Amino acid sequence: MIATAEQALGDGAPIVVAGGGDGTINAVASVVVGSGTPFGVLPLGTLNHFAKDLNIPLELDAAIANVAQGVPHQVDVGEVNGRIFLNNSSLGLYPDIVRDREKQQRRLGRGKWLAFSWALVAALRRYPFLSVQLKLNDAVHARRTPFVFIGNNEYLMEGLNIGERERLDGGQLSLYVAQRPGRLGLLKLALHALFGKLSQAKDFDVLTATDLEIATKHRRLRVATDGEVTIMNTPLHYRIRPAALEVLVPASAPA
């Protein structure tokens, strides 16, 4: 897949198109980013966050028509230790859950969502905390937390559209960190999110920056980027790459 995208760019293709879920879209985008070549998206996954936030049609025929008739729009890309993300990156609970889910799928043959449910239960039973130092905006924030979430641009924290992004060209990373919540505190956070009131939650940091560093006592950490987990050396260096990817979007899509 990546080799095919590289060959297409090398051959001077006027457009590179990727079809799949957010992980597949990320993989092909990592080749196209910074090239100036328009990038077409066919959202064929389960969640399709990137396509939804750009108002790219989720129905296949309409998505194909968008590739042919859409207009190029420059969007930002997040990056951590040289690896890009279009949606978000996270540390802590989520990468552990993904790792356990994949193990269950391989070893026990469980379906994705059943394996995810069992992995979630196991992670909540262990409930590991991560001690981190967050360096951003000329300040250092020490936190002990079950998760750190970094978004490519800001996510909505209120209302029915919580978890969506109004724009992907704001030139900012968004950082979300829960401060020392136990299992009950995490449940309260989940309830705030469910009712669209996450910004009202106590002990929940929401920060923005163009770049940041995350340091821990661990030499290596599992890091999720657009749902795919890799192991990276610390400290983790995050940055926003403004207008780095040119995506074909509907002409009526908001900027």
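The values are calculated or read from the model by the stated rules, or taken from the named source; none is laboratory data. From a predicted model like this one, the values you see are computed outputs, not experimental measurements. Glycine gets a Cβ as well: all are built from the backbone with ideal geometry, and neighbour counts include every protein chain shown.
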**OP:** State all residues of segment 55-71 that are surrounded by fewer than 16 Cβ atoms within 10 Å (Cβ to Cβ) and touching a residue at least 24 places away in the same chain (Cβ under 8 Å); if no residue qualifies, say none.
**Re:** 55, 69, 71
**OP:** Of all residues in segment 215-255, count the ones that are at negative phi and in a strand (DSSP E or B).
**Re:** 26
Original post:
Restricting attention to segment 191-201, does a residue exist that is at pLDDT below 95, aromatic (Phe, Trp, Tyr) and part of a strand (DSSP E or B)?
Top reply: no
**OP:** Provide a single number: the residues in segment 1-54 that are surrounded by fewer than 16 Cβ atoms within 10 Å (Cβ to Cβ), farther than 16 Å from residue 84 by Cβ and of a type in the set (A, V, I, L, M, F, W, C).
**Re:** 3
Subject >> First in segment 219-231 and within 12 Å of residue 94 (Cα to Cα), second anywhere and of a type in the set (Phe, Trp, Tyr), Cβ under 6 Å, 6 or more apart >> reply: 224/94; 225/85; 226/85
